[in-house]
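Asks: Next up is a structure, given as structure tokens.
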Amino acid sequence: MSVQRFIRLRNPVLFFALAAAFPLGAYAAGAASVDFSVGNVMAVNVEGKQRPLSKGAEIVNGDTISTGDGGRAQVRFTDGAMVSLQPRTDFRVDDYQYSGKADGEEKGFFSLLKGGLRTITGLVGRVNRDRYKVTTGVATIGIRGTGYNAVLDEAVTELAVNTSEGVVEVCNDFGCVMLASGESGVVYKNAEPRRTQTNPLLPPAQPEDSLLPVYSSGDERYPDGSPAVPRPTPPTPPPTAPTVLGIGGTGSAVVYPNVSNAVYNPDGSLQSFVSSSGLQSQGTGVVAEFGGDSIINWQRWTNGDLIIDGNNLPQGPNQGVHLVWGTPTVTLPTSGTATYTSMGGTAPTVADGSLPGNFTSASLSVDFGTQVVSAAVDFEINETTFMRAYSMSGSGTIVAGNSLKVPNPTVTGCMSACTGTIDGKFYGALAERVGIVYKVNDVSRTITGATGLVKQ
């Protein structure tokens with residue numbers, strides 16, 4: 001069965017992989033018990049012996065829970081975690097320990113072999129995230145939150161993930177992606193995990209269990225009294241008037257706070273807008289490295305005649321104007337701290353277009369009380385015979401209400417002594433995202449790029 005049987009797609013590309021989150025534990029008696037079972041639901045132990053699962057049945061380490069066509073089950077672990085398994089799903093409890101308290105010995109290691117699930121996490125993994133992991137044939141899933149959906153196709157080549165609350169980390173040998181609340185991602189076998197704008201949905205309840213709650217009475221519930229089932233968040237259309245932070249072919253960083261007449265391409269990327277300095281447009285150019293979510297996006301206009309400040313700006317494929325745009329934070333917190341890690345970014349460009357580049361990573365920490373920020377950005381430039389690795393880091397301040405500036409970061413990896421700047425802006429109602437544009441001056445070379453970051 002393909003992933004399409006489990007989720008509704010807005011385009012033919014499968015979305016992302018979600019992190020099933022189930023830290024669950026086991027008292028001496030067992031790791032979990034079955035809250036309800038509908039249709040063909042079996043358990044296979046480590047010796048290969050099968051037994052049917054009905055309400056109240058015990059699950060122990062090594063058990064693989066298998067649902068057939070039309071089969072559905074809900075399992076409650078001893079730490080309070082709950083997992084709702086969809087039809088044609090195989091889910092294995094590899095190593096689960098929970099003594100009733102977080103004593104450093106608790107752990108929840110699981111495998112999603114195929115199929116789909118919804119989950120609400122328990123106490124395992126809340127304190128020590130390394131004590132929880134869901135393994136699939138495509139990627140591993142770690143939790144930093146409380147609610148997720150996950151779908152793995154039967155061929156074990158595509159994993160789709162959606163986060164309903166908290167943050168999910170999906171990793172394989174090719175990289176990692178962090179998925180915050182409402183975000184989705186997809187992982188293809190032997191490929192880097194990535195975000196997707198499309199939200200995967202598990203199928204609605206089948207007729208035979210439509211009257212049963214997905215989670216039993218007395219479990220976690222929303223303020224309106226409804227069961228705390230992860231509720232997929234539909235994609236939010238891009239704002240009609242985003243706040244744009246950009247850095248142009250000349251290497252100058254600009255904030256466009258008063259944007260009008262924003263026009264979007266069919267894929268949701270920003271095609272043009274009007275600012276106080278004139279028309280900003282991709283013109284005959286194209287959009288490259290478009291990414292992000294409903295809060296923040298990044299992209300590069302490149303390879304054509306761009307229109308910047310109403311003037312024509314010819315750019316080659318290794319040049320461009322870097323943009324971060326989205327819904328800005330209106331009011332920042334006045335106390336507390338936060339850390340952010342990179343979601344993705346544009347390919348850094350040399351102003352003359354002579355060399356291609358690769359974005360590597362970025363991070364940021366902020367003390368909202370003192371309004372001090374620390375930022376770091378890493379990227380590479382292809383010198384034809386080798387990759388030159390640049391690293392920027394430094395401290396700065398929050399400026400102009402919801403922006404930040406690191407005016408003189410330390411830059412390593414340069415051909416000679418070089419200088420740089422890091423400019424940023426907070427996005428989202430709760431400052432959940434940060435957009436950064438950066439510039440490095442290395443001898444006669446000016447390098448620019450943009451990245452989006454998510455709060456941890």
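Asks: Just one of T446, T419 is surrounded by fewer than 17 Cβ atoms within 10 Å (Cβ to Cβ), closer than 27 Å to V350 by Cβ and hydroxyl-bearing (S, T, Y); which is it?
Replies: Going through T446, T419 in turn, just one is surrounded by fewer than 17 Cβ atoms within 10 Å (Cβ to Cβ), closer than 27 Å to V350 by Cβ and hydroxyl-bearing (S, T, Y): T419.
Asks: Still on this structure, I have one more. When you look at V411, is it surrounded by 14 or more Cβ atoms within 10 Å (Cβ to Cβ) and within 18 Å of V443 (Cα to Cα), yes or no?
Replies: Working: surrounded by 14 or more Cβ atoms within 10 Å (Cβ to Cβ): yes; within 18 Å of V443 (Cα to Cα): yes.
Yes: the conditions hold for V411.
Asks: Within the range 152-189, how many residues are in contact with an Asp or Glu (Cβ under 8 Å, 6 or more places away or on another chain) and assigned to a loop (DSSP other than H, G, I, E, B)?
Replies: 5
Asks: Taking the stated definitions as given, is T119 closer than 16 Å to D79 by Cα and either without any contact (Cβ under 8 Å) to a residue 60 or more places away in the chain or part of a strand (DSSP E or B) (or both)?
Replies: Answer is yes for this residue.
Asks: Within the range 146-169, can you find the residues that are under 14 Å from V134 (Cα atoms), within 8 Å of the chain's Cα centre (by Cα) and not acidic (D, E)?
Replies: V168
Asks: Somewhere in the range 332-348, is a residue in the same structural domain as C414 (by TED's automatic domain parsing), free of Cβ contacts under 8 Å to residues at least 24 places away in the same chain and either surrounded by fewer than 24 Cβ atoms within 10 Å (Cβ to Cβ) or over 23 Å from the mean Cα position of the chain (by Cα) (or both)?
Replies: Within the range 332-348, none of the residues are in the same structural domain as C414 (by TED's automatic domain parsing), free of Cβ contacts under 8 Å to residues at least 24 places away in the same chain and either surrounded by fewer than 24 Cβ atoms within 10 Å (Cβ to Cβ) or over 23 Å from the mean Cα position of the chain (by Cα) (or both).
Asks: Name every residue in the range 411-435 that is among the aliphatic types (A, V, I, L, M) and either under 17 Å from the mean Cα position of the chain (by Cα) or part of a loop (DSSP other than H, G, I, E, B) (or both), in order of residue number.
Replies: Answer for the range 411-435, where residues must be among the aliphatic types (A, V, I, L, M) and either under 17 Å from the mean Cα position of the chain (by Cα) or part of a loop (DSSP other than H, G, I, E, B) (or both): M415, A417, A429, L430, A431, V434.
Asks: So, K439, is that one under 22 Å from the mean Cα position of the chain (by Cα), in the same structural domain as F368 (by TED's automatic domain parsing), of a type outside the set (G, A, S) and closer than 21 Å to T349 by Cβ or not?
Replies: No; evaluated as a whole, the condition is false for this residue.
Asks: Identify the single condition in (1) in a loop (DSSP other than H, G, I, E, B); (2) closer than 24 Å to C176 by Cα; (3) at pLDDT below 90 that V138 does not satisfy, given that it satisfies every other one.
Replies: It fails just one condition, (3).
Asks: Let me ask another. Condition test on F368, is it assigned by TED's automatic domain parsing to the domain that holds G396, hydrophobic (A, V, I, L, M, F, W, C) and buried (at least 20 other Cβ atoms within 10 Å of the Cβ)?
Replies: Working: assigned by TED's automatic domain parsing to the domain that holds G396: yes; hydrophobic (A, V, I, L, M, F, W, C): yes; buried (at least 20 other Cβ atoms within 10 Å of the Cβ): no.
In short, no.
Asks: Let me ask you something else. Is it the case that the range 314-327 has a residue that's surrounded by fewer than 17 Cβ atoms within 10 Å (Cβ to Cβ), in contact with a strand residue (DSSP E or B) (Cβ under 7 Å, 6 or more places away or on another chain) and of a type outside the set (K, R)?
Replies: yes
Asks: Here is a follow-up. Restricting attention to the range 380-402, report how many residues are closer than 21 Å to Y427 by Cβ, modelled with pLDDT under 95 and in a strand (DSSP E or B).
Replies: The qualifying residues number 1.
Asks: Criterion first (buried (at least 18 other Cβ atoms within 10 Å of the Cβ), over 25 Å from N162 (Cα atoms) and either in contact with a Ser or Thr (Cβ under 9 Å, 6 or more places away or on another chain) or among the β-branched types (V, I, T) (or both)) does V254 satisfy it?
Replies: Yes, satisfied.
The values are calculated or read from the model by the stated rules, or taken from the named source; none is laboratory data. This is a predicted model, so every value here is computed, not measured. Methodologically, a virtual Cβ is constructed for each residue, glycine included, from the backbone with ideal geometry; neighbour enumeration extends over all protein chains shown.
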